[in-house]
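Sending over a structure as structure tokens; questions will come in a sec.
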Amino acid sequence: MPNNTFNSLQKFKVGRKTAQFHSLPALGRSLGIDMKHLPVSLRIVLESVLRNCDGSKITEQHVRELAGWQPNAKRTAEIPFVVARVVLQDFTGVPLLADVAAMRSVADRMGKDPKRIEPLVPVDLVVDHSVMIDFFGTRKALGLNMQAEFHRNRERYQFLKWGMQAFDTFGVVPPGVGIVHQVNLEYLARGVHYDAKNKLYYPDTLVGTDSHTTMINGIGVVGWGVGGIEAEAGMLGQPVYILTPDVVGVELKGELRGGVTATDLVLTITEMLRKEKVVGSFVEFCGPGTSSLSVTDRATIGNMAPEYGATMGFFPVDDRTIEYFKGTGRSNEEIEALKAYFKAQEMYGIPRASDITYTKLLTLDLSTVTPSLAGPKRPQDRIELGKVKDTFADLYSRKTADNGFNQPAENLGKTYTTSAGTEIHNGDIVIAAITSCTNTSNPSVMLAAGLLAKKAVEAGLKVPKRIKTSLAPGSRVVTEYLTKTGLLPYLEKLGFDVAAYGCTTCIGNAGDLTPDMNQAINDDNLVCAAVLSGNRNFEARIHPNVKANFLASPPLVVAYALAGTMLRDLMTEPVGKGKKGDVWLGDIWPSNAEVQALLGQAMDPEAFRANYSQIKANPGKLWQQVPGVQGNVYDWPESTYIAEPPFFTDFGMQPTPMPQVRGARVLAIFGDSVTTDHISPAGSIKESSPAGVWLKQHGVAKQDFNSYGSRRGNHEVMMRGTFANVRIKNLMIPANPDGSRFEGGETLHQPDGARMSIYDAAMKYVADGVPTVVFGGEEYGTGSSRDWAAKGTQLLGVQAVIARSFERIHRSNLVGMGVLPLQFKGQDSAASLGITGEETFDISGTENGITPQQDVTLTIHRKDGSTQEVSMLLRIDTATEVDYYQNGGILPYVLRDLLAA
């Protein structure tokens, strides 16, 4: 069907030239709909549906359904969303490249042209997740950490270089440039794209293989995080399918008070929106308070959308967006086109709350936001600064809450000594990191950290030597403006030397603590802390031995590093003793005026242009020294990092019917808030774990284990790491004598009841032909868009995951890997049904075909011979997902589609 059916193809002026665009106001006139009341984020998605309407995958009906969006309708229709580009980070990008390379290998073996497997949209991979903080507290740290990174990851980087030459539209931003989301914001994002052939402008849209892709929402770009398997489908020509979303409006009023940072605001919004249960919704910001926020503040809020559960945290394009594009060195032509396009679409400017029809409208007065941290285990658990000490003391000995540590209260004040003679206490901080995409993109909080460091040094304060301090800026431009303002030397004097340009501590790449510190923490069961300016603080993510992890603004990270403990109330007690006695937080906290005075030096267009021109002109000697492999088909040399994935074993052009689940055993039973970090850890590999044992058997020394994240290109490591988090709690394992739950990836194999690793039990079940299921609680799969959490689950032979509720990305990833996601109804749960793991299970209702969100029956066969039937909701949500599942997953589906063309 031609796109002009709706008379939407219109002309508009960009400077002196005339160009075309698909006009949403014209579409509205054609359909008799006033587009001005439709949420702006939905209008941008609608433009893609309209522009790509081909009468096949995207039909006129799709256009009409989305244009006629109703704020409180039942969500049954799916949107086929064709994105303009795809962004990857290396932890998720390497396995994605391995899957696409494997598709080429299959095509080659079948005698078909491997070049049929080619990204149809631009794909950019930013290498930012591999660097670890092995060295810190020295100006040599950056160079030493990069050398270690290249030594560990040489095989992965060789593979990426093969991809650069094998695929026409695949580009790589090499290590040492910055964090993917900041590079995306400052450099990759275009605002609008231009199709020169058709003289057509259209908005920038994307999906990315990292949850925090939503940071791009801060500049009016529609985009969100997906698993690698969805991203592969998107880049190979498939629309990204989503259920038509609710859109929650957030009206911001007033202004932030002095001393309150963007981090405090985002932690407040995260707490508020988690309570409002916006999971799967688009969140769109409006109102005068939104207009007052800088783009970098908006990006900070957008970044945290996964933490409040939304698909997006969207900010429309306005004058602030244009200022940001100018400040980051975009061309005048691009900036002119961006402004002209959004004005022509009548989407320019932050709307008032009354302008838009939302599913629900929430309001936040910015003047009510207070300095805060979040933790110790979840980003939505905000704590006001003045309550941190008391909250930590309460959680230390609390037995019942998930956040509690169940420790004897009398141990809180005890002094312990490591074998090296270092005194250590419960509540002591051992890691302080200015890290992560969330805050290192924001000059206001980075300059505030530098100003606080300056005042602290001048007052004579020091950071205790036991604390591992690090500064990992989001891009090299940050170092430039910290240097230009004279603040970097003060951060260095407190140990916050630039240690890397990458994700580092927030992804679990904090590096290790000293052996004596690890031993003391483990021997004395100490609850020590990390404070980081990140977005994730899930259990065992930051460091396996650091049980309490708090998210904070960069200046608060420095302040807590100076205090050295979570058990000092920074509102009523001094930060520490300086040259002239007690120094209070108010003495060293920078004023808004002091920060504002320096902000102009952070947005220098020439600095941005000079920095990003180096990606191609001078990518660095370490990158240039990595040899590339040639050819259209990868030769899969023997490697513990990269191996041909097994997802296309026995591939044929006709799908094999998916097996019915009969006589299944339970592999594990989990409680609420099990994250993708629990399911598939990204951090360090324990020597005694199945993955550690496998690596040693293959000649890898412990010091070269690297991390699970870096080894995602090898399924042998990753399937052994599935459910191997040292903090995961399988409720099949009996409780400890004190009532606490056992932590670690073990289970009870049935029917013999033998205790072993989850991996070993899974392999026994697979060998015996016994299907398995996993039970979970609320918000199963919270956290990172980690496709290996679904891939590993599938490779362990799990046929279904049965939970109280699912996080958006993980549910779709399970379907994409051919695993059934089933949701309990009402108040049912594994606990209420008395499931212990000794039962067997049948799942019925899909024998004669599947319809989206149908009911299925779970039949429980108990040990005593009794049976019980329970009705459950099948969370295969759309017709397209039915196709994916019946093809054995999204990867075989896409490959069949490409090879049949």
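Condition check: in contact (Cβ under 8 Å) with a residue 40 or more places away in the chain, surrounded by 24 or more Cβ atoms within 10 Å (Cβ to Cβ) and more than 16 Å from the chain's Cα centre (by Cα). Does P544 satisfy that?
no
Surrounded by fewer than 24 Cβ atoms within 10 Å (Cβ to Cβ) and touching a residue at least 40 places away in the same chain (Cβ under 8 Å): which single residue out of N525, N518, N509, N535 fits that description?
N525
Can you pull out every residue in segment 303-348 that is basic (K, R) and in contact with a helix residue (DSSP H, G or I) (Cβ under 7 Å, 6 or more places away or on another chain)?
Selection gives R320, K326, K339.
Sort out for me the strands (runs of 3 or more DSSP E) sitting completely within segment 465-583 that have 2 or more residues that are touching a Phe, Trp or Tyr at 6+ places or on another chain (Cβ under 9 Å).
468-471, 529-532, 548-551
So, one more: Kindly indicate the residue of segment 254-269 that is β-branched (V, I, T) and closer than 14 Å to N592 by Cβ and also surrounded by the fewest Cβ atoms within 10 Å (Cβ to Cβ) among those meeting that condition.
Of everything passing the filter in segment 254-269, V260 is surrounded by the fewest Cβ atoms within 10 Å (Cβ to Cβ).
Specify the residue that is farthest from G171 (Cα to Cα); the eligible residues are those in segment 199-256 that are β-branched (V, I, T) and part of a helix (DSSP H, G or I).
Top of the filtered list is I219.
Return the residues of segment 593-628 that are closer than 24 Å to S710 by Cβ, within 30 Å of the chain's Cα centre (by Cα) and assigned to a loop (DSSP other than H, G, I, E, B); say none if nothing qualifies.
P619, G620, V626, G628
I'd like to check which helices (runs of 4 or more DSSP H) are fully inside segment 630-748 and have at least 2 residues that are at pLDDT 95 or above.
690-697, 715-721
Per-residue answers, yes or no, for (1) out of contact with any Ser or Thr (no Cβ under 8 Å at 6 or more places or on another chain); (2) over 16 Å from R665 (Cα atoms); (3) modelled with pLDDT of 95 or more:
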| position | (1), (2), (3) |
| --- | --- |
| E838 | yes, no, yes |
| F841 | no, no, yes |
| E847 | yes, yes, no |
| V856 | no, yes, yes |
| Q868 | no, no, yes |
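Also, I was wondering about something else. Does A433 fit the bill of being in a strand (DSSP E or B) and out of contact with any Asp or Glu (no Cβ under 9 Å at 6 or more places or on another chain)?
In short, yes.
Would you mind finding the one in V726, V693, V717, V700 that is of a type in the set (A, V, I, L, M, F, W, C), within 21 Å of T676 (Cβ to Cβ) and surrounded by fewer than 20 Cβ atoms within 10 Å (Cβ to Cβ)?
Answer to the selection: V726.
Quick one: D760 ticks every box in (1) part of a helix (DSSP H, G or I); (2) surrounded by fewer than 19 Cβ atoms within 10 Å (Cβ to Cβ); (3) without any contact (Cβ under 8 Å) to a residue 40 or more places away in the chain bar one, so which box is it?
Looking at each condition in turn, D760 falls short on (3).
Does L551 meet the test of being over 24 Å from the mean Cα position of the chain (by Cα) and either of a type outside the set (S, T, N, Q) or buried (at least 24 other Cβ atoms within 10 Å of the Cβ) (or both)?
no
Shifting gears a bit: Please report, ordered by residue number, the helices (runs of 4 or more DSSP H) entirely within segment 270-383 with at least 3 residues that are among the basic types (K, R), surrounded by fewer than 22 Cβ atoms within 10 Å (Cβ to Cβ) and out of contact with any Lys or Arg (no Cβ under 6 Å at 6 or more places or on another chain).
Per the criteria, no element qualifies.
Continuing with the same structure: Going by what's in this entry, would V87 be described as under 30 Å from V177 (Cα atoms), of a type in the set (V, I, T), surrounded by fewer than 19 Cβ atoms within 10 Å (Cβ to Cβ) and in contact with a Ser or Thr (Cβ under 9 Å, 6 or more places away or on another chain)?
no
Still on this structure: Can you confirm whether S331 is out of contact with any Gly (no Cβ under 9 Å at 6 or more places or on another chain) and without any contact (Cβ under 8 Å) to a residue 60 or more places away in the chain?
yes
Ok, one more. Note down all Cβ pairs under 6 Å where the first residue falls in segment 360-384 and is closer than 24 Å to S281 by Cβ, the second is small (G, A, S) and buried (at least 16 other Cβ atoms within 10 Å of the Cβ), and they're at least six residues apart or on different chains.
L361/G249; L361/A353; L366/G289; D381/A374; R382/S372; R382/A374
Go through (1) in contact with a strand residue (DSSP E or B) (Cβ under 6 Å, 6 or more places away or on another chain); (2) surrounded by 22 or more Cβ atoms within 10 Å (Cβ to Cβ) for P574 and report which single condition fails.
Result: P574 fails condition (2) only.
Take the residues in segment 811-835 that are of a type in the set (S, T, Y) and buried (at least 16 other Cβ atoms within 10 Å of the Cβ); name whichever of them is farthest from the chain's Cα centre (by Cα).
S829
Out of contact with any His (no Cβ under 9 Å at 6 or more places or on another chain), under 30 Å from Q89 (Cα atoms) and not basic (K, R) - does that describe any residue in segment 507-530?
yes
The values are calculated or read from the model by the stated rules, or taken from the named source; none is laboratory data. On a predicted model such as this, the values are computed, not experimentally measured, just so you know. Cβ sites come from the backbone with ideal geometry, for glycine too, and all protein chains shown count toward neighbours.
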